[in-house]
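Trainee: Handing you this structure, nothing more for now.
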Amino acid sequence: MKITSSEFVISNTDYTKCPDPDKPEYAFIGRSNVGKSSLINMLTEKNKLAKTSGKPGKTQLINHFLINKTWFLVDLPGYGWAQVSKEMKEQWNRMTKNYLAQRENLYNVFVLIDSRIPPQKIDIEFLNWLGEHKVPFSIVFTKADKPNNSKIQSNVASFKAELSKSWEELPPTFITSSAQKVGRKELLEYVGQINESI
Ligand code: GDP
């Protein structure tokens, strides 16, 4: 799929106020600093579409972008900030989990995982929550600037092994680097295939 247009639509804290669910939607989420904004900007080839590296404490929003006038790309607030209040964590839970569990046109959640570090409990728990709520997801390993690097490969393998403990079948996985533009074609093709099947 070629991206010919990407435009910001609206930011929300409440899924009921998101745009009408009349187009297929794909959401991106991950631990803070996982490289989500960089990935969205790499995919859309717009340097400033998603804002990079927000600070903890800043308003957390569900951001909708319209791509090729046909599908929504959604930038969800990251989880796992080291120093946020209990209130902020609860707000994230309410807002994001309501959105994920209720949004009827959500075809896939891309969960971003940092390929430079070993498996993290918070990521596994989040994926298990998605599974329990029957939210379809795929895994996007980020920051794989050198995809063949042995550390990256062993982190990816450990993550999959960790997931296999609770899942019989593994979801689709993608290896990406926004810095090196790795994985762009594969991710966009995947979205294109789902869009065509609808
Ligand atoms: P977000 O908080 O998940 O939106 O993460 P950002 O996109 O703001 O990225 C967090 C940090 O990781 C920034 O310092 C980025 O420059 C860096 N980063 C993001 N993607 C890559 C990548 O593909 N390779 C490398 N080496 N660094 C990256």
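Trainee: Kindly evaluate Leu73 against the criterion of being surrounded by 15 or more Cβ atoms within 10 Å (Cβ to Cβ), part of a helix (DSSP H, G or I) and hydrophobic (A, V, I, L, M, F, W, C). Walk me through it before giving the result.
Mentor: On the way: surrounded by 15 or more Cβ atoms within 10 Å (Cβ to Cβ): yes; part of a helix (DSSP H, G or I): no; hydrophobic (A, V, I, L, M, F, W, C): yes.
No.
Trainee: Could you check the stretch 60-70 and list, in sequence order, the residues that are assigned to a loop (DSSP other than H, G, I, E, B) and over 16 Å from Tyr15 (Cβ atoms)? Steps first, please.
Mentor: Filtering the stretch 60-70 down to residues assigned to a loop (DSSP other than H, G, I, E, B) leaves 60-61, 68-70.
Within the stretch 60-70, Asn68, Lys69, Thr70 meet the criteria.
Trainee: Separate question: Applying the selection to the stretch 7-25, what residues are away from the ligand (no atom under 16 Å from the Cβ) and outside any loop (DSSP other than H, G, I, E, B)? Before the answer, list the steps.
Mentor: First pass over the stretch 7-25, keeping only residues away from the ligand (no atom under 16 Å from the Cβ): 7, 9-10, 12-25.
Hits for the stretch 7-25 are Glu7, Val9, Ile10, Asn12, Tyr15, Thr16, Lys17, Glu25.
Trainee: Answer with yes or no whether Asp75 is within 22 Å of Ile175 (Cα to Cα) and at pLDDT 95 or above.
Mentor: yes
Trainee: Here's a check for you: in the stretch 1-39, which residue that is among the small types (Gly, Ala, Ser) and closer than 22 Å to Lys97 by Cβ is farthest from the chain's Cα centre (by Cα)? Write out each step before concluding.
Mentor: Step one: list which residues in the stretch 1-39 are among the small types (Gly, Ala, Ser), which gives 5-6, 11, 27, 30, 32, 35, 37-38.
Applying the additional criterion that residues be closer than 22 Å to Lys97 by Cβ yields 11, 27, 30, 32, 37.
Values: Ser11: 16, Ala27: 5, Gly30: 6, Ser32: 11, Ser37: 10 Å.
Per the criteria, the residue is Ser11.
Trainee: Tally the residues that are part of a loop (DSSP other than H, G, I, E, B) and near the ligand (Cβ under 8 Å from one of its atoms), restricting the search to the stretch 40-50.
Mentor: Pass one, the stretch 40-50, residues part of a loop (DSSP other than H, G, I, E, B): 45-50.
Now restrict to residues that are near the ligand (Cβ under 8 Å from one of its atoms): 50.
Residues flagged as part of a loop (DSSP other than H, G, I, E, B) and near the ligand (Cβ under 8 Å from one of its atoms) within the stretch 40-50 amount to 1.
Trainee: Turning to a different aspect of this structure: Looking only at the stretch 77-102, which residues are crowded, with 19+ Cβ neighbours inside 10 Å and under 15 Å from the mean Cα position of the chain (by Cα)? Write out each step before concluding.
Mentor: Filtering the stretch 77-102 for residues crowded, with 19+ Cβ neighbours inside 10 Å gives 77-79, 81, 95-96, 99-100.
Residues satisfying the conditions are Pro77, Gly78, Tyr79, Thr96, Tyr99, Leu100.
Trainee: What single numbered condition from (1) modelled with pLDDT of 95 or more; (2) outside any loop (DSSP other than H, G, I, E, B) fails to hold for Met88?
Mentor: Met88 satisfies all of (1) modelled with pLDDT of 95 or more; (2) outside any loop (DSSP other than H, G, I, E, B) except (1).
Trainee: Follow-up question, since we're still on this one. For a quick check of your reading of the model, give me the residue pairs whose first member lies in the stretch 67-91 and is closer than 11 Å to Lys23 by Cα and within 15 Å of the ligand (Cβ to nearest atom), whose second is among the hydrophobic types (A, V, I, L, M, F, W, C) and not in a helix (DSSP H, G or I), with beta-carbon atoms closer than 6 Å and at least 6 apart or on different chains.
Mentor: Once the first residue is closer than 11 Å to Lys23 by Cα and within 15 Å of the ligand (Cβ to nearest atom) and sits in the stretch 67-91, its partners that are among the hydrophobic types (A, V, I, L, M, F, W, C) and not in a helix (DSSP H, G or I) give Leu73/Phe65; Leu73/Ile67.
Trainee: Might you check whether a residue that is buried (at least 18 other Cβ atoms within 10 Å of the Cβ) and away from the ligand (no atom under 16 Å from the Cβ) occurs anywhere in the stretch 139-158? It would help to see each step written out before you state the result.
Mentor: First, pick out the residues of the stretch 139-158 that are buried (at least 18 other Cβ atoms within 10 Å of the Cβ): 139-144, 152, 155-156.
If we keep only those that are away from the ligand (no atom under 16 Å from the Cβ) too, we end up with none.
Looking for residues that are buried (at least 18 other Cβ atoms within 10 Å of the Cβ) and away from the ligand (no atom under 16 Å from the Cβ), one finds none in the stretch 139-158, hence no.
Trainee: If you take the residues in the stretch 26-39 that are more than 17 Å from Ile175 (Cβ to Cβ) and within 11 Å of the ligand (Cβ to nearest atom), which one is surrounded by the most Cβ atoms within 10 Å (Cβ to Cβ)?
Mentor: Selected residue: Ile29.
The values are calculated or read from the model by the stated rules, or taken from the named source; none is laboratory data. Model, not experiment: these values are computed from the prediction. Here the Cβ is made from the backbone with ideal geometry for all residues, glycine too, and neighbour counts use every protein chain on show.
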